[in-house]
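K.L.:
Sending over a structure as C-alpha cells; questions will come in a sec.
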Amino acid sequence: MRVFFRASRLLYQGLVKPWGSRWTQRSGGTADQIASFYDNLSAIYSGTMLSDHERYIFRKYLPQPPARVLDIGCGAGRTTSFLAEEGYDVVGIDLSHVLIKSAQSRFPSINFRVMDAGDLLFENDSFDAAIFSFNGLDCVAPVGTRLQILKEVLRVVKPGGRFYLSSHNIWEKFRPKTENIRSALLWAFELFTILTRQLVRPRFWNDYWWNYDSDGWILVFSGSPGKNLSSFGKIGWEKIAVCGRTMIGGRCLGEEGTLKRDDETYRLRWLTWNEHHIQYILEKQAPSKICKDTAYESSPGQAS
Ligand SMILES: C[S@@+](CC[C@H](N)C(=O)[O-])C[C@H]1O[C@@H](n2cnc3c(N)ncnc32)[C@H](O)[C@@H]1O
C-alpha cells in the first residue's frame, strides 16, 4: 500500500504538478532564478552539520590551515563556519542576499559577500583553495555558464591550489534497484517519471536532468563523471581524487584501496554506476600547462 502511495505521489508531482507554477520555480538556471529559488530556502540551509564525507575530504585534501579558502555558494554558512573553526582564512560568497544575510548574522566574524561565481571580484591567484559544496554548481545553466564559473575559480586559485566540488551523476539512476519488490517498483516508477519529464521538456542532450529528492523535483546538471573530468582537464583542473559520499572504514568509497580492484577505470566505472553524488578534488595545473583560452584572458579580475 505504501509503495502505491509513494508511486502515486511521484507520478503526480513528476507529471501533473509540473504544469503549475512550481515547474519554473524549480528550474534554476540564470543568476536571478537561482537567487530567488534559494532565497526561499533559508530554513533548509541554516543547519551547521557537515556530512562525514565532507569533513573527511576537507581535512584530507585541502591545504593546511591557515590557508585562504573561497567557499562558493556558501548558502547560510554551513561549510564556511566549519572551515573558520578549523583555522582557515575563509571568505563565503553566494548569489542569495537572504542566505548571505543569515550567514552573516549567524557567524559575524566571517567575511561573507553576495557575489556571482561567474564574475568573481578577486585578484588572480588570491586563494589557496576553493570549494563549491552540496552540488551547488549543478543548478547553474546553461553549460556555458557552468564552464565560465569553473574558469573563474581557476583564475582566483593559485597554481597548485585545490578545488573541491560535488556533482550529480545521472547514470546511478539507471542501475536497477531490485533488492526487493518495493525498491524495484519505486525505482521503476521514478525512472519512468524522469524519462517522461525529459521527453516532455527534453534536456538530456546537454546533461540537465530532472532530479527528485526530499525537496521535490529540480532540474540539475547531471553529467557522467568521465565526461566531467575531461572538461575539468581541458580548463586546467587536474584530478587529484574522485570518490562517492558513502564512507567505509573511515574513507570515501571509490578512493584508492576502498574497492575490490584499484585501477582507475574500474573505480570510475564503479562510481558512475553506484554513486548519485560524485565528489571531485581537483588541483590547478601549472600556468605553462593551462590552455590559452582560459579565464585568464577572458576575465580581467578585479581587486578584492
Ligand atoms: C545546494 S545550495 C548549498 C549551500 C551550501 N554550500 C551548503 O552546503 O549548505 C547551493 C548554493 O549555491 C548558490 N549558488 C548557485 N549558483 C551560484 C553562483 N553562480 N554564484 C554564487 N552562488 C551560487 C545558491 O545560491 C545556493 O545557496
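FYI, it's all coordinate maths here, none of it is from the lab. Remember, it's a predicted structure, so these values are computed and weren't measured experimentally. Here the Cβ is made from the backbone with ideal geometry for all residues, glycine too, and neighbour counts use every protein chain on show.
K.L.:
So for ILE72, ILE170, fewest C-beta neighbours within 10 Å to most, what's the order?
P.N.:
Exposure proxy ranking, most exposed first: ILE170, ILE72.
K.L.:
Okay, next question. Using a cut-off of 10 Å between beta-carbons, work out the net charge of the residues near GLY92 (Lys and Arg +1, Asp and Glu -1, GLY92 not included).
P.N.:
Once positives and negatives cancel, what remains is 0.
K.L.:
Give, in nm to one decimal, the length gained when the segment between GLU179 and ASN124 is fully stretched (0.36 nm per residue of separation minus the Cα-Cα distance).
P.N.:
Result: 14.8 nm gained on full extension.
K.L.:
Using θ = phi - 60° and the Karplus relation 6.51 cos²θ - 1.76 cosθ + 1.60, list the HN-Hα couplings for region 149-155 in order, rounded to whole Hz, with x at every Gly or Pro.
P.N.:
Working through the residues one at a time gives 5, 4, 6, 4, 5, 4, 5 Hz.
K.L.:
Name the GluC sites (Glu not before Pro) in region 83-172 that are in a loop by DSSP and that have at most 14 other C-beta atoms within 10 Å, would you?
P.N.:
GLU123
K.L.:
Let me ask something else about it. Listed here are the pairs LYS101/LYS284; LYS101/LYS158; LYS173/LYS227; which of them are more than 25 Å apart at the Cα?
P.N.:
Beyond 25 Å between Cα atoms: LYS101/LYS284; LYS101/LYS158.
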